[in-house]
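No value in this document is a laboratory result; all are computed from the given coordinates. These numbers were taken from a predicted model, which means no experiment stands behind them. Positions of Cβ are generated from backbone atoms using ideal geometry, with glycine treated the same way; all protein chains shown enter the neighbour counts.
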């Protein structure tokens, strides 16, 4: 088990993804989509942290919310690439990481239910 959310690999990776999103968009002048993508990215790690400080049942719910934020970010990433806000390699990296995080969040939630 874990002592704190800081011990969770999924939280560490979610934080890393948020940093990558911020770095990838630092020169972007499309403030609307940029801000939405940054909020969604931060939301993944934040929901893991917040949920971990609650009951087991609530933690599972917060992990589900984090998965939703990962899907939101993935969608926004596809759009950002189509409008040339980010390059294809950045899109591929962010999409792959959101998919992996979603799997990890699902597995963690399933293990907490058991």
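Summary of values
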{"read-out": "Per-residue [θ]222 nm for the chain (sum of -39500 (n - 2.57) over DSSP H runs n ≥ 4, rounded to 500)", "value": "-28000 deg cm²/dmol"}
{"read-out": "Kirkwood Rh, Cα atoms: Rg over Rh of the chain", "value": "1.00"}
{"read-out": "Cα→Cβ-extended label distance, 7 Å offset, between residue 12 and residue 87, nm", "value": "2.9"}
{"read-out": "Relative contact order of region 1-71, pairs being alpha-carbon contacts under 8 Å that are 6 or more residues apart, as %", "value": "31"}
{"read-out": "Contour minus Cα-Cα distance for residue 79 and residue 55 (0.36 nm per residue)", "value": "5.0 nm"}
{"read-out": "Förster-model FRET efficiency, 30 Å R0, residue 3 and residue 31, C-beta, rounded to 0.05", "value": "0.20"}
